[in-house]
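What follows is a short report on a single structure.
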Amino acid sequence: MTLPADIADRLSRLALPGLAIIDGRHEEAASGATFHNVSPRDGLVLNQVTACQGEDVARAVASARAAFEDGRWRDQGPRAKKKVLFRLAELMERDAEELALLESLDVGKPISDARNVDVPLAIGTCRWYAEALDKVYGEVGASPVDRLSYAVHEPLGVIGAIVPWNFPLHMAMWKVAPALAMGNSVVLKPAEQSPLTALKLGELALEAGLPPGVLNVTPGLGGVAGEALALSNDVDMIAFTGSGPVGRKLMEYSARSNLKRVSLELGGKSPQIVFADCPDLDAAAQAAAWGVFYNQGEVCTAASRLLVEASIKDAFLEKVVAVAKSMVVGDPLDASTQFGAMVSERQMNTALDYIATADSQGARRVLGGARVRQESGGFYVEPTIFDGLEADHTLAREEVFGPVLGVMSFKSEDEAMRLANDTVYGLAAGLWTSDINRALRGAKRLKAGLVWVNGWDACDITMPFGGFKQSGFGRDRSLHALHKYADLKSVSVTLR
Ligand code: NAD
């Protein structure tokens with residue numbers, strides 16, 4: 001594939017990180033094990049990355065524990081902590097172009113998204129928690145006159161952060177920044193599909209002045225490195241973003257080990273509801289298409305079910321199809337590409353299987369459905385839309401985590417709410433209407449951790465992020481995330 005000259009030049013000078021970061025040093029696995037890190041852009045191996053085994057994870061956990069217990073980070077004052085986290089944000093800004101390139105190569109997302117969305121949001125998250133860390137207050141209880149009772153937030157200790165591949169740096173920062181801000185030590189386990197920016201983050205944190213051992217990065221396979229971390233008796237909490245089946249395992253691991261806390265950000269089957277009184281059908285069509293196709297559909301909040309009031313369904317669907325058709329599918333490293341490669345051959349085949357199942361169950365394919373750009377060697381599936389989705393179709397029930405939209409119609413508000421809530425998930429939901437009462441009723445009735453009215457994904461770091469039902473529990477973003485990484489201690493002093 002031919003590349004723009006500036007990208008080709010950067011690529012030729014790009015150093016791909018591959019070694020784990022344990023106790024402030026670059027480390028190989030003790031066994032020397034590595035895994036192939038493949039770029040979905042062309043299916044070629046990018047580099048060999050350390051495949052941490054149980055013994056390597058144990059070293060990282062021991063290093064994090066030692067760092068926590070001797071207070072080299074925990075006991076630094078708020079100003080000192082802020083300084084390091086702000087410095088980290090500055091260094092990420094300095095290396096933003098490199099981070100964006102690593103992210104795009106590793107997961108196949110358009111370089112323009114990595115540059116304009118992933119990397120700036122990760123930097124913004126780091127800054128936000130640096131600013132927030134001295135705004136966490138305790139409480140003074142209503143004590144009798146001869147007693148003073150107060151409650152303080154104390155860091156938990158060693159946090160195991162296990163993160164997915166769809167927004168690798170951004171999701172890592174959602175865990176790492178608040179965990180560090182509260183004074184914890186962290187062992188970060190990136191997804192095996194996307195280790196590069198997490199490794200770079202570990203390097204930058206050391207350069208920023210974070211003491212060795214406070215942030216360790218242990219790449220490796222989920223069932224090996226991830227499992228070892230989650231089964232460790234010396235890890236106080238696992239903060240996880242990923243799939244439901246792995247989320248279930250993490251709760252089992254906790255029960256089998258030290259009853260560590262677990263927070264789970266899992267998947268979704270998010271509905272976007274368009275009523276006939278929608279204030280702006282063109283904006284809603286943009287949101288319907290980009291809500292599901294952004295990042296090749298590999299988004300946990302993807303608006304994968306579109307529910308449209310029957311009277312406008314056909315006309316509205318035409319608009320959505322037009323937006324989807326206009327999306328530029330191409331090489332992720334080309335700045336004009338809006339829709340890149342899926343993260344892996346496996347993820348691509350999963351999406352293609354869901355498309356075949358939807359065909360066989362009688363949904364009507366109105367757009368896409370095929371693998372494209374096969375000559376590149378990469379893993380590309382075009383934006384795909386099915387109309388006539390029925391509530392019992394697999395596509396209406398299971399998360400694809402790929403670029404596949406299912407469309408249903410409804411005749412009443414009650415029916416729309418029933419269809420929207422007819423899922424085991426509860427991550428996000430949206431509705432478009434000009435009726436303020438209907439909007440507020442809907443916001444109450446929708447069983448989801450995030451509800452958007454007349455917009456999609458219209459919120460930011462200031463608002464909590466997480467799911468209801470089988471979309472998990474615990475919240476990322478906002479001040480709530482700081483409390484997640486702390487324990488509450490009550491102290492009562494009897495005055496004599
Ligand atoms: P996954 O659950 O397979 O992997 C996520 C992480 O868990 C990876 O780091 C992986 O190595 C690790 N892992 C796998 N098996 C493990 C085990 N036995 N023990 C410990 N760790 C293990 O998910 P994925 O395929 O990488 O990501 C896609 C899923 O993540 C989708 O279902 C999606 O909805 C969900 N997701 C959710 C959010 C959210 O915020 N709610 C965000 C992104 C992705």
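Residue check: S434 meets all listed conditions (1) within 27 Å of S326 (Cβ to Cβ); (2) crowded, with 17+ Cβ neighbours inside 10 Å but one, namely (2). Contact annotation: residue pairs with Cβ atoms under 6 Å, 6 or more positions apart or on different chains, pairing a residue in region 173-195 that is over 19 Å from V38 (Cβ atoms) and buried (at least 24 other Cβ atoms within 10 Å of the Cβ) with a partner that is of a type in the set (D, E, K, R) and modelled with pLDDT of 95 or more, are W174/D476.
Would you point out the residue of region 315-327, among those that are among the small types (G, A, S) and farther than 27 Å from I7 by Cβ, that is surrounded by the fewest Cβ atoms within 10 Å (Cβ to Cβ)? Checked region 315-327; the qualifying residue surrounded by the fewest Cβ atoms within 10 Å (Cβ to Cβ) is A315. Figure legend. Inter-residue proximity from region 147-169: first residues closer than 30 Å to G402 by Cβ, second residues among the β-branched types (V, I, T) and away from the ligand (no atom under 16 Å from the Cβ), beta-carbon distance below 8 Å, spacing 6+ or different chains. Indicated pairs: L169/V119.
The set of residues from region 352-366 being in contact with a helix residue (DSSP H, G or I) (Cβ under 7 Å, 6 or more places away or on another chain), of a type outside the set (V, I, T) and surrounded by fewer than 19 Cβ atoms within 10 Å (Cβ to Cβ) comprises Q361, R365. For region 237-281, the strands (runs of 3 or more DSSP E) that sit wholly inside it and include 3 or more residues that are more than 14 Å from the chain's Cα centre (by Cα) and closer than 18 Å to W452 by Cα are 271-274. Scanning region 461-491 for residues that are among the charged types (D, E, K, R) and touching a helix residue (DSSP H, G or I) at 6+ places or on another chain (Cβ under 8 Å) yields R475, D476, R477, K484.
Does at least one position in region 18-35 carry a residue that is at positive phi and not charged (D, E, K, R)? Yes - at least one qualifying residue is present in region 18-35. When region 296-353 is filtered for residues that are closer than 25 Å to F275 by Cβ and among the acidic types (D, E), the ones remaining, listed by number, are E309, D314, E318. Residue-level analysis places A481 among those that are out of contact with any Gly (no Cβ under 8 Å at 6 or more places or on another chain) and either buried (at least 20 other Cβ atoms within 10 Å of the Cβ) or not charged (D, E, K, R) (or both).
Number of residues in region 410-440 that are among the acidic types (D, E) and free of Cβ contacts under 8 Å to residues at least 24 places away in the same chain equals 2. Screening G467 against (1) surrounded by fewer than 22 Cβ atoms within 10 Å (Cβ to Cβ); (2) in contact (Cβ under 8 Å) with a residue 40 or more places away in the chain leaves a single unmet condition, (1).
At positive phi, at pLDDT 95 or above and assigned to a helix (DSSP H, G or I) - does that describe any residue in region 473-480? Checked region 473-480: at least one residue is at positive phi, at pLDDT 95 or above and assigned to a helix (DSSP H, G or I). Scanning region 226-238 for residues that are within 11 Å of the ligand (Cβ to nearest atom) and under 14 Å from G474 (Cα atoms) gives a single hit, I238. When K189, K175, K109 are screened for being under 28 Å from P4 (Cβ atoms) and within 15 Å of the ligand (Cβ to nearest atom), only K109 passes.
Of all the residues in region 285-313, those that are assigned to a helix (DSSP H, G or I), more than 16 Å from the ligand (Cβ to nearest atom), touching a residue at least 40 places away in the same chain (Cβ under 8 Å) and of a type in the set (A, V, I, L, M) number 4. Of the residues G297, G330, the single one that is surrounded by fewer than 24 Cβ atoms within 10 Å (Cβ to Cβ), in contact with a strand residue (DSSP E or B) (Cβ under 8 Å, 6 or more places away or on another chain) and small (G, A, S) is G330.
Filtered by the rule that a residue be β-branched (V, I, T) and part of a helix (DSSP H, G or I), region 316-369 gives V320, V321, V323, T350, I355, T357.
Residue count for region 239-263 under the criterion of being more than 8 Å from the ligand (Cβ to nearest atom) and either of a type in the set (S, T, N, Q) or surrounded by 23 or more Cβ atoms within 10 Å (Cβ to Cβ) (or both): the result is 6. Restricting region 106-150 to residues that are among the charged types (D, E, K, R) and over 30 Å from V493 (Cα atoms) leaves a set whose member that is surrounded by the fewest Cβ atoms within 10 Å (Cβ to Cβ) is E131. Please work out which residue is nearest to L133 (Cα to Cα), limiting yourself to region 156-171 and to residues that are touching a strand residue (DSSP E or B) at 6+ places or on another chain (Cβ under 6 Å) and more than 10 Å from the ligand (Cβ to nearest atom). Within region 156-171, the match that is nearest to L133 (Cα to Cα) is L156.
Yes or no, residue by residue, for (1) buried (at least 23 other Cβ atoms within 10 Å of the Cβ); (2) hydroxyl-bearing (S, T, Y); (3) more than 30 Å from S344 (Cα to Cα); (4) touching a residue at least 24 places away in the same chain (Cβ under 8 Å):
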| site | (1), (2), (3), (4) |
| --- | --- |
| S31 | no, yes, no, yes |
| V38 | no, no, no, yes |
| L44 | no, no, no, yes |
| A60 | yes, no, no, yes |
| A66 | no, no, yes, yes |
| E69 | no, no, yes, no |
| A80 | no, no, yes, no |
| L88 | yes, no, yes, yes |
| E98 | no, no, no, yes |
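The values are calculated or read from the model by the stated rules, or taken from the named source; none is laboratory data. Values in this document were obtained by computation on a predicted structure and should not be read as measured data. Methodologically, a virtual Cβ is constructed for each residue, glycine included, from the backbone with ideal geometry; neighbour enumeration extends over all protein chains shown.
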